[in-house]
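Undergrad: Here you go, one structure.
The values are calculated or read from the model by the stated rules, or taken from the named source; none is laboratory data. Computed from a predicted structure; not experimentally measured. Methodologically, a virtual Cβ is constructed for each residue, glycine included, from the backbone with ideal geometry; neighbour enumeration extends over all protein chains shown. In case anyone asks, the SASA skips ligands and DNA or RNA and just uses the protein heavy atoms, side chains included. Shrake-Rupley method; radii C 1.70, N 1.55, O 1.52, S 1.80 Å.
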Amino acid sequence: MTLETEGGDATASASSTVVESDAVDSAGDVEEALIEEGEIAGDYLEQLLDVLDFDGDIDLDVEGDRAVVSIDGGKDLSKLVGHSGEVLDALQELTRLAVQQATGVRSRLMLDVAGWRAKRRADLSALGAAAAQRVLETGSPEQLAPMTPFERKIVHDAVAAIAGVASESEGVEPNRRVVVIPD
């Protein structure tokens, strides 16, 4: 559609309105897809809890570009976390596969059980900030213990928030670690 104005046509402004509208529609579609992922995951996990005879409340949310599912409230839920979150990681992968089977699309869903990931995130942020402060004080690089990619990202984000230091990952999985260095 071309609109005539005194200085020429207004095609550009009409086009930008259409583009903005498409972006809003696209964002709404993405959020709807993430909500659907969360609902599929919630159904899958509810069936699993029933089979295991575990109590728990399932909470669905969308954070950024991923669905987040949390299981809280049961007394046996620590068994679903396991040592250092190993069972939780496996359960998250199984849940992602269940979502993929239902939708045909690979899921980036995040699963938390009994607040374990939320606590781990806070602990890792504190670890990264403390390491950054030590590096600022001493001027010497500091290597942290090996971590998963999820854990390293949290530490990198915490270090990035502090001026005068930077971080990088070194090593090969499963021994890849964050190194905090003076900037």
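Undergrad: Looking at the stretch 148-163 only, could you name the residues that are open to solvent by 40 Å² or more (accessible area, probe 1.4 Å), in a loop (DSSP other than H, G, I, E, B) and touching a residue at least 24 places away in the same chain (Cβ under 8 Å)?
TA: THR148, ALA161 - these are the residues of the stretch 148-163 that are open to solvent by 40 Å² or more (accessible area, probe 1.4 Å), in a loop (DSSP other than H, G, I, E, B) and touching a residue at least 24 places away in the same chain (Cβ under 8 Å).
Undergrad: Now, a different point. Take ALA126 and decide whether it is in contact (Cβ under 8 Å) with a residue 24 or more places away in the chain, among the small types (Gly, Ala, Ser) and surrounded by fewer than 18 Cβ atoms within 10 Å (Cβ to Cβ).
TA: yes
Residue-by-condition table, conditions (1) in contact with a His (Cβ under 6 Å, 6 or more places away or on another chain); (2) modelled with pLDDT of 95 or more; (3) hydroxyl-bearing (Ser, Thr, Tyr); (4) farther than 26 Å from LEU45 by Cβ:
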residue	(1), (2), (3), (4)
LEU109	no, yes, no, no
VAL113	no, yes, no, no
ARG117	no, no, no, no
ASP123	no, yes, no, no
GLY128	no, yes, no, yes
GLN133	no, yes, no, yes
LEU136	no, yes, no, yes
GLU142	no, yes, no, yes
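Undergrad: ARG96 passes all but one of (1) in a strand (DSSP E or B); (2) under 21 Å from the mean Cα position of the chain (by Cα); (3) not aliphatic (A, V, I, L, M); which number fails?
TA: Result: ARG96 passes all but (1).
Undergrad: Given ARG106, ARG96, ARG66, ARG117, which one is open to solvent by 70 Å² or more (accessible area, probe 1.4 Å) and on the phi < 0 side of the Ramachandran plot?
TA: ARG106
Undergrad: So if I check each of ALA27, ALA12, which one is at pLDDT below 90 and farther than 30 Å from GLU151 by Cα?
TA: Step by step, each of ALA27, ALA12 is checked, and only ALA12 is at pLDDT below 90 and farther than 30 Å from GLU151 by Cα.
Undergrad: So is GLY42 of a type outside the set (Val, Ile, Thr), surrounded by 13 or more Cβ atoms within 10 Å (Cβ to Cβ), modelled with pLDDT of 60 or more and under 22 Å from the mean Cα position of the chain (by Cα) or not?
TA: Spelling it out, GLY42 is indeed of a type outside the set (Val, Ile, Thr), surrounded by 13 or more Cβ atoms within 10 Å (Cβ to Cβ), modelled with pLDDT of 60 or more and under 22 Å from the mean Cα position of the chain (by Cα).
Undergrad: Taking LYS75, is it farther than 29 Å from GLU31 by Cβ, surrounded by fewer than 13 Cβ atoms within 10 Å (Cβ to Cβ) and of a type in the set (D, E, K, R)?
TA: Considered against the rule, which asks whether it is farther than 29 Å from GLU31 by Cβ, surrounded by fewer than 13 Cβ atoms within 10 Å (Cβ to Cβ) and of a type in the set (D, E, K, R), LYS75 comes out as yes.
Undergrad: So if I check each of GLY56, GLY73, GLY42, which one is of a type outside the set (A, V, I, L, M), farther than 17 Å from MET110 by Cβ and in contact with a strand residue (DSSP E or B) (Cβ under 8 Å, 6 or more places away or on another chain)?
TA: Values: GLY56 fails: farther than 17 Å from MET110 by Cβ; GLY42 fails: farther than 17 Å from MET110 by Cβ.
The conditions single out GLY73.
Undergrad: So, of the residues in the stretch 45-63 that are acidic (Asp, Glu) and either touching a Gly at 6+ places or on another chain (Cβ under 7 Å) or free of Cβ contacts under 8 Å to residues at least 24 places away in the same chain (or both), which turns out to be most open to solvent (accessible area, probe 1.4 Å)?
TA: So the residue we want is ASP53.
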